[in-house]
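Asks: Below you will find the structure I want to go over with you.
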Amino acid sequence: MTDSSSRKPPSPAPTPENEPFWAAAAEGTLLIKRCRSCGNAHYYPRAICPYCFSTDTAWQASKGEGEIYSVSVMRRGANAPYALAYVTLDEGPSMLTNITGCDFDALRIGQRVAVRFLSTDAGPPLPMFAPIGD
Amino acid sequence: MQQVPLWKLGMTIRDRAYIAGAFEHPTRHAPDKSTPQLHAECAAGALADSGLSLSDVDGYFCAGDAPGFGGMSMIDYLGLNVRHVDSTETGGSSYILHVSHAAQAIAAGKCSVALITLAGRPRSEPFGRTPGTAPEAPFESWCGVTTHNSYGMCAARHSHEYGTRPEQLAWIKVAASTHAQHNPHAMLRDLVTVEDVLASPMISDPLRRLDCCVVSDGGGALLVVAPEVAKSLDRPLVSVRGAGEAVKGPMGGRNLDLTTSAAARSGPAAFEEAGVSPSDIKYASIYDSFTITVLIQLEDLGFCAKGEGGRFVADGNLISGAGRLPFNTDGGGLCNNHPTNRGGITKVIEAVRQLRGEAHPAVQVANCDLALATGIGGSLGTRHGAATLILERQ
């Protein structure tokens, strides 16, 4: 079963806390947050580090590559089929996303993927992922 | 900061409160009723079960299914005059948690007869939450998260790490259907086999239709009361012996672990307060939104080791009279009822039936004096709340 790509996900609604993330997304860059105090990276990005509560957090450009932590292909209902997944970025954090543009039946945990931004009608693009060569 | 558990200081809910009333609405489809009406019918049912009256109620507990604003509309609608109100929301596990909160309030002298209600009509009116202003919404609202694919990711990861097989998950449904045969109110009363589960349509990998709970209109209510109230009534004494609660989410995505739930914290807290261990439990109500929900909770509660859940549930081990751990003898959410997409209250209700000896004779556990009710609400793959109760017949 392949991605029919007919699905039109809703546009995200940025807030002041994450506006830089969406501005970078519009330029094709995936940002994460890294804490200058404890050194840990996190996603989704917060102003205050969820690990040590420091306010000294900084945006960091991710290479946009990682591996599938888990994936489930929705086979029924509106917009099916589509693949919901967590991708663990090479920088550390895992992020909830969709895997697109591929044979859904060939997806597997541990597979290498790279970010592929999907444009939306009324807002910034969405950080989805697609498989890359092992 | 090292915290001394409060029960070690003599502060505990153990035996400070009793469940004196329990009622499960018989409807599974209610196009002819309003949701507040169902709440009221459930409240009336629990009061009749206990022998108490509306004017005895001085505490009210509800969650997100209750129409209106944090209990205020329902308190007015029902005609209650309460001195304690609590609308803690942890999805379908809320009502298990409410029993603990009610026991806490009773132990603190804040009320003596606490009413908990749940009701809703997902088959009869539009249902669903909007992500709204949740902090994760900009990053997740477009991902198409449903309960099916959220729990599907957990099942897929559990299979990847521990080799859990679809036919092992299917045994959970088989056990539920074995029990549901005897429940005249159950939505699905036909006995199913492992092969039936594996032949049902794939919904979201690896979960098939028969791995999923039913969608039902309906509701339930509980009355949690002070010891002196319980002992004045002509009902078996079911005490609250221990409780625990926890909330878990991806927490910034570091060391993500979809194979362990918040029950790994709520369960041990409940066992510690109760002073018992999993091997002491005669009957367990285990929240069964999906088969995988049951399997992960069994591991997290310590009924088996992490990764051993597939082997534990296989071959009918959850079937009353046949297996080591009788579970969900009403048929559970998988076959009987999952009112308003929230199964927590029916978990407590069937545990009370077992402890009273009022379960169907075909599924009644002999000498059932210690039972557990546990639940996962919200979305196991993203954010969820767990609550665990240990109940004892005295």
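The values are calculated or read from the model by the stated rules, or taken from the named source; none is laboratory data. Source: prediction; values computed, not measured. FYI the Cβ positions are ideal-geometry reconstructions off the backbone, even for glycines, and counts take in every protein chain you see.
Asks: When the residues of the range B:186-219 are filtered to those that are surrounded by fewer than 24 Cβ atoms within 10 Å (Cβ to Cβ) and among the hydroxyl-bearing types (Ser, Thr, Tyr), which remaining residue is farthest from the other protein chains (Cβ to nearest Cβ)?
Replies: Checking each candidate, the answer is B:193.
Asks: Could you please find all residues in the range B:47-67 being assigned to a loop (DSSP other than H, G, I, E, B), small (Gly, Ala, Ser) and either on the phi < 0 side of the Ramachandran plot or exposed (fewer than 14 other Cβ atoms within 10 Å of the Cβ) (or both)?
Replies: Residues satisfying the conditions are B:53, B:63, B:64, B:66.
Asks: Determine if the range B:141-163 includes at least one residue that is more than 20 Å from residue A:77 (Cα to Cα), at pLDDT 95 or above and polar (S, T, N, Q).
Replies: Yes, the range B:141-163 contains at least one residue that is more than 20 Å from residue A:77 (Cα to Cα), at pLDDT 95 or above and polar (S, T, N, Q).
Asks: Filter the range A:69-97 for residues that are within 11 Å of the chain's Cα centre (by Cα) and more than 9 Å from every other protein chain (Cβ to nearest Cβ) and give the result.
Replies: A:87
Asks: Scan the range B:160-169 and give yes if some residue there is polar (S, T, N, Q) and either within 14 Å of chain A (Cβ to nearest Cβ) or surrounded by 23 or more Cβ atoms within 10 Å (Cβ to Cβ) (or both), otherwise no.
Replies: yes
Asks: Of everything in the range B:365-387, what is in contact with a helix residue (DSSP H, G or I) (Cβ under 7 Å, 6 or more places away or on another chain) and of a type in the set (S, T, N, Q)? Give them in sequence order.
Replies: B:374, B:379, B:382, listed by residue number.
Asks: Which number in (1) more than 20 Å from residue B:274 (Cβ to Cβ); (2) outside any helix (DSSP H, G or I); (3) not acidic (Asp, Glu) marks the one condition that residue B:292 misses?
Replies: (2)
Asks: Which number in (1) at negative phi; (2) more than 7 Å from chain B (Cβ to nearest Cβ); (3) out of contact with any Gly (no Cβ under 7 Å at 6 or more places or on another chain); (4) not in a strand (DSSP E or B) marks the one condition that residue A:11 misses?
Replies: (3)
Asks: While we're on this one: Can you say whether residue B:90 is farther than 30 Å from residue A:20 by Cβ and within 14 Å of chain A (Cβ to nearest Cβ), as far as the supplied structure shows?
Replies: It is false that residue B:90 is farther than 30 Å from residue A:20 by Cβ and within 14 Å of chain A (Cβ to nearest Cβ).
Asks: Looking at the range B:207-235 only, could you name the residues that are closer than 29 Å to residue B:120 by Cα and of a type outside the set (A, V, I, L, M)?
Replies: Of everything in the range B:207-235, those that are closer than 29 Å to residue B:120 by Cα and of a type outside the set (A, V, I, L, M) turn out to be B:208, B:209, B:211, B:212, B:213, B:216, B:217, B:218, B:219, B:220, B:235.
Asks: Select the strands (runs of 3 or more DSSP E) contained entirely in the range A:20-100, then report the ones holding at least 1 residues which are of a type in the set (A, V, I, L, M) and under 21 Å from residue A:124 (Cβ atoms).
Replies: A:31-35, A:57-61, A:82-89, A:94-99
Asks: Which one of the conditions (1) under 21 Å from residue B:340 (Cα atoms); (2) touching a Pro at 6+ places or on another chain (Cβ under 7 Å) does residue B:186 fail to meet, given that it meets all the rest?
Replies: (2)
Asks: State whether the residues of the range B:220-239 include one that is aliphatic (A, V, I, L, M) and within 14 Å of chain A (Cβ to nearest Cβ).
Replies: no
Asks: Let me ask something else about it. Looking at A:11, A:37, A:54, A:6, can you tell me which residue is at pLDDT below 95, more than 15 Å from the chain's Cα centre (by Cα) and surrounded by fewer than 20 Cβ atoms within 10 Å (Cβ to Cβ)?
Replies: Answer to the check: A:6.
Asks: Let me ask something else. Taking interchain pairs and intrachain pairs at least six residues apart, which have beta carbon atoms under 8 angstrom, with the first residue in the range A:42-64 and in contact (Cβ under 8 Å) with a residue 40 or more places away in the chain and the second part of a loop (DSSP other than H, G, I, E, B) and charged (D, E, K, R)?
Replies: As it stands, the answer is A:42/B:254; A:44/B:136; A:62/A:90; A:62/A:91, since those pairs meet every condition given.
Asks: Specify the residue that is modelled with the lowest pLDDT; the eligible residues are those in the range B:100-123 that are touching a helix residue (DSSP H, G or I) at 6+ places or on another chain (Cβ under 9 Å) and assigned to a loop (DSSP other than H, G, I, E, B).
Replies: Taking the candidates together, the pick is B:121.
Asks: Tell me, yes or no, whether the range B:132-144 has at least one residue that is surrounded by fewer than 24 Cβ atoms within 10 Å (Cβ to Cβ), β-branched (Val, Ile, Thr) and part of a loop (DSSP other than H, G, I, E, B).
Replies: Looking through the range B:132-144, at least one residue is surrounded by fewer than 24 Cβ atoms within 10 Å (Cβ to Cβ), β-branched (Val, Ile, Thr) and part of a loop (DSSP other than H, G, I, E, B).
Asks: Pairs please, first residue from the range B:252-265 and more than 14 Å from residue B:157 (Cα to Cα) and more than 9 Å from chain A (Cβ to nearest Cβ), second anywhere and assigned to a loop (DSSP other than H, G, I, E, B) and among the polar types (S, T, N, Q), Cβ atoms under 7 Å, 6+ apart in sequence or on different chains.
Replies: none
Asks: Then there is this: Identify, by number, the condition in (1) without any contact (Cβ under 8 Å) to a residue 60 or more places away in the chain; (2) within 14 Å of chain A (Cβ to nearest Cβ); (3) of a type in the set (A, V, I, L, M, F, W, C) that residue B:108 doesn't meet.
Replies: Going through the list (1) without any contact (Cβ under 8 Å) to a residue 60 or more places away in the chain; (2) within 14 Å of chain A (Cβ to nearest Cβ); (3) of a type in the set (A, V, I, L, M, F, W, C), residue B:108 breaks only (2).
Asks: Residue under question is residue B:242, and the condition is that it be away from chain A (no Cβ under 13 Å), assigned to a strand (DSSP E or B), in contact (Cβ under 8 Å) with a residue 60 or more places away in the chain and under 20 Å from the mean Cα position of the chain (by Cα); does it hold?
Replies: In short, yes.
Asks: While we're on this one: For residue A:54, state whether it is small (Gly, Ala, Ser) and within 8 Å of chain B (Cβ to nearest Cβ).
Replies: no
Asks: For the range B:249-273, name all the residues that are charged (D, E, K, R) and touching a helix residue (DSSP H, G or I) at 6+ places or on another chain (Cβ under 8 Å).
Replies: Of everything in the range B:249-273, those that are charged (D, E, K, R) and touching a helix residue (DSSP H, G or I) at 6+ places or on another chain (Cβ under 8 Å) turn out to be B:272, B:273.
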